[in-house]
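Here the structure comes first, spelled out in structure tokens, and everything after it is commentary.
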Amino acid sequence: MTKIRVLDPDTVNQIAAGEVVERPASVAKELLENAIDAGATSILVDVTSDMAAVTKIRVTDDGEGMTPEEAVLAFSPHATSKIRDIADLSAIHTLGFRGEALASIAAVAEVTMITRPRGAGALAGTRVVVRGGEVVEKSEVGAPEGTTIVVERLFYNTPARRKFLKSRNTELAHIYAVVENLALAHREIAFRVVHNGKERMATQRSGEVLATIAGLYGADLARALVPVEGRLPFIRISGYVSRPSESRGNPSQVFVSINGRSISSRRIAAAVREGYGTLLPKDRYPVAFIDLTIETDLVDVNVHPTKREVRLSREREITGAIAAAVEEALAGHDLLGDGAAEPVQQPLVPSEPARNPAPAAAEPEAAYAVGHRGLARSDRQLRRTETEGQENLLPPMEPIGQVAATYIVAEGTDGTLYLVDQHAAHERVLYDQVAEQRDKAAGSQELIMPVVLSLPPKESAALRDAVPLLADEGFLVEEFGRDTFAVRAVPVALGAVEDPGRVRETIDEVLAGEARTAPDRREAVTCIVACRGAVKAGALLTPDQQKRLLMQLARTKTPWTCPHGRPTVVAFDKRKLDGLFRRG
């Protein structure tokens with residue numbers, strides 16, 4: 001027998017489905033894109049779930065609809081109305097074009113389509129039922145113009161695929177994210193999402209992106225945005241970016257669309273971040289909504305089965321233009337607006353040099369005058385992590401100053417020079433203490449005033465899923481309205497009583513992560529809490545504070561690295577120093 005064989009159609013369809021249909025959100029994305037391509041002005045996404053999983057997705061649009069013949073043909077593999085031959089691939093103006101979506105979904109689910117063509121004078125619509133890729137029913141039915149597609153029992157015939165799905169709320173969050181991205185890219189369409197009979201999201205038809213942003217993410221964020229415009233002969237850039245004060249700990253809120261297609265691109269996100277230059281710390285990212293209109297022959301949308309990624313010709317010019325447009329927008333705008341960040345702590349420097357300057361003291365108190373508020377914060381942070389009676393695992397060392405308000409310089413009794421990363425060091429201290437408190441189910445402090453979080457639907461769904469995990473870490477989060485939550489207690493180590501914004505940032509980072517197992521998620525939350533509660537790079541420390549931090553670090557179990565594996569201490573013994581200066 002020959003080793004080479006032609007696969008049967010069922011196997012081929014399920015392989016294709018594995019590439020296109022990863023989870024319920026994949027189904028929603030493909031159906032929504034088809035509805036947009038059909039010229040819909042209003043789209044309803046109705047999601048049904050039980051306590052464990054999403055059980056049904058229904059997408060209804062008022063688009064152009066299909067004839068009875070087209071309704072059946074649409075489920076055939078590689079059947080599409082979007083292109084006719086290979087030449088059309090170089091000028092794609094639609095979101096779908098491969099002709100795989102309906103066939104792939106129907107291969108792993110039960111699908112019912114009800115459709116009626118718009119303006120064709122048809123008195124009745126068509127109902128088509130497909131199971132496992134086979135059309136099992138076709139009949140006439142009363143229906144409005146447009147198309148409704150219902151997908152049930154997803155992966156019923158591929159149980160191994162079901163095992164890889166996440167929790168119900170995680171899968172809902174992915175569905176909401178799909179709708180948000182498409183709503184941002186297609187403001188001319190009204191989107192509505194309903195889950196188990198309750199409306200979770202709604203946008204109005206509007207040509208104004210700022211109105212859509214406000215509807216999805218709230219007026220406060222919309223007010224903190226700066227308009228961006230840019231143009232080259234082959235590209236037009238438009239959109240909004242956040243002021244530096246409205247930043248995030250990860251790049252997940254950089255939204256990009258190219259020719260109406262919502263896409264994921266690390267290089268474009270990096271170009272947006274590059275436009276900020278030194279306005280943002282290295283570990284912070286903006287919120288951005290960027291629409292790119294690019295000549296179609298410069299965009300290859302056929303590089304990924306789900307069309308999440310694209311390939312760009314002249315990519316360097318495009319990313320350079322994006323960075324320049326963001327930089328120009330920020331340079332010409334008042335960045336102090338509402339919620340401006342506190343200025344970086346700097347030593348006090350006289351505006352004019354003194355005529356007879358006195359010799360500089362080793363630790364001039366004037367250097368800390370401007371940073372008094374920061375010193376007080378650092379003192380509170382260090383006071384929370386004081387411990388006693390533990391073994392010192394670092395060699396004896398005495399601090400002698402700071403470099404760049406980031407590294408503590410210390411000298412050992414044998415003349416060794418030590419450089420200590422103050423943030424990494426305190427992060428290690430906090431991590432050990434938070435992990436110990438976590439294991440003892442202790443370490444919460446109640447907030448005098450709860451921190452209220454109003455979140456978009458995708459983040460709300462993710463937060464509902466994370467509430468038990470957050471509770472294990474010392475957060476008490478309660479839901480008290482549509483997509484609104486109150487944080488009533490936080491871990492002691494976080495110290496967020498005086499800084500509610502830190503609560504939001506910490507929870508944002510928890511929601512941005514998607515660890516595979518519960519222990520991984522707990523570990524991730526512990527690391528985030530330790531990082532957020534630790535003394536920051538750039539914070540001025542008094543000699544006493546420097547000494548206290550070194551003592552706390554010495555009492556940890558593993559003082560040489562932070563929880564992320566970065567070194568906390570670098571040592572130069574006298575022999576190494578002599579070698580650097582060619583002595584000896």
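The values are calculated or read from the model by the stated rules, or taken from the named source; none is laboratory data. Model, not experiment: these values are computed from the prediction. Virtual Cβ from ideal backbone geometry, glycine too; neighbours counted across all protein chains shown.
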Sole exception among (1) outside the structural domain of ILE36 (by TED's automatic domain parsing); (2) at pLDDT 90 or above for ASN196, by number: (1)
Number of positions in region 565-584 that are more than 17 Å from TYR407 (Cβ to Cβ) and in contact (Cβ under 8 Å) with a residue 40 or more places away in the chain: 2
Criterion (surrounded by fewer than 20 Cβ atoms within 10 Å (Cβ to Cβ), within 20 Å of ASP334 (Cβ to Cβ), out of contact with any Ser or Thr (no Cβ under 8 Å at 6 or more places or on another chain) and touching a residue at least 24 places away in the same chain (Cβ under 8 Å)) met by exactly one of ARG243, ARG223: ARG223
Selection within region 152-168 - crowded, with 16+ Cβ neighbours inside 10 Å and of a type in the set (A, V, I, L, M): LEU154, LEU165
Candidate set: region 177-210, residues that are farther than 23 Å from THR484 by Cβ and in contact with a helix residue (DSSP H, G or I) (Cβ under 8 Å, 6 or more places away or on another chain); chosen: the one surrounded by the fewest Cβ atoms within 10 Å (Cβ to Cβ): SER206
Selection from region 102-123 of residues that are buried (at least 19 other Cβ atoms within 10 Å of the Cβ) and either over 23 Å from THR55 (Cβ atoms) or among the β-branched types (Val, Ile, Thr) (or both): ILE105, VAL108, VAL111, ILE114, THR115, ARG116, PRO117
Residue check, VAL228 outside the structural domain of MET51 (by TED's automatic domain parsing), closer than 27 Å to THR506 by Cβ and touching a helix residue (DSSP H, G or I) at 6+ places or on another chain (Cβ under 7 Å): no
Subset of region 268-291 [in a helix (DSSP H, G or I) and closer than 28 Å to GLU188 by Cβ]: ILE268, ALA269, ALA271, VAL272
Hits in region 282-291 - residues which are in contact (Cβ under 8 Å) with a residue 12 or more places away in the chain and either within 23 Å of THR506 (Cα to Cα) or surrounded by fewer than 16 Cβ atoms within 10 Å (Cβ to Cβ) (or both): ASP283, ARG284, TYR285, PRO286, VAL287, ALA288, PHE289
Answer residue from region 546-583, given it is aromatic (Phe, Trp, Tyr) and in a loop (DSSP other than H, G, I, E, B) and is surrounded by the most Cβ atoms within 10 Å (Cβ to Cβ) among those: TRP560
Sole exception among (1) within 31 Å of the chain's Cα centre (by Cα); (2) not in a helix (DSSP H, G or I) for ASP414, by number: (1)
Which listed residue, of ILE213, ILE237, ILE149, ILE258, is surrounded by 17 or more Cβ atoms within 10 Å (Cβ to Cβ), closer than 25 Å to ARG58 by Cβ and either touching a strand residue (DSSP E or B) at 6+ places or on another chain (Cβ under 7 Å) or assigned by TED's automatic domain parsing to the domain that holds ALA53 (or both): ILE149
In region 124-143, residue modelled with the lowest pLDDT [restricted to those that are surrounded by fewer than 20 Cβ atoms within 10 Å (Cβ to Cβ) and touching a Gly at 6+ places or on another chain (Cβ under 9 Å)]: ALA124
Residues satisfying the stated conditions in region 225-265, i.e. over 17 Å from VAL209 (Cα atoms) and of a type in the set (Asp, Glu): GLU246
Test result for ASN302, closer than 18 Å to ARG504 by Cβ, surrounded by fewer than 18 Cβ atoms within 10 Å (Cβ to Cβ), polar (S, T, N, Q) and at pLDDT below 85: no
Members of region 16-30 that are among the hydrophobic types (A, V, I, L, M, F, W, C) and modelled with pLDDT of 65 or more: VAL20, VAL21, ALA25, VAL27, ALA28
Residue that is surrounded by the fewest Cβ atoms within 10 Å (Cβ to Cβ), among those in region 532-542 that are more than 11 Å from VAL429 (Cβ to Cβ) and in contact with a Gly (Cβ under 8 Å, 6 or more places away or on another chain): LEU540
Among the residues listed as LEU382, LEU417, LEU455, the single one being surrounded by fewer than 23 Cβ atoms within 10 Å (Cβ to Cβ), at pLDDT 95 or above and either aliphatic (A, V, I, L, M) or in contact with a Ser or Thr (Cβ under 7 Å, 6 or more places away or on another chain) (or both): LEU417
Yes/no for SER252 being of a type in the set (S, T, N, Q), touching a Phe, Trp or Tyr at 6+ places or on another chain (Cβ under 9 Å) and farther than 22 Å from ASP220 by Cβ: no
Residue among THR147, THR112 that is in contact (Cβ under 8 Å) with a residue 60 or more places away in the chain, closer than 28 Å to THR41 by Cβ and among the hydroxyl-bearing types (Ser, Thr, Tyr): THR147
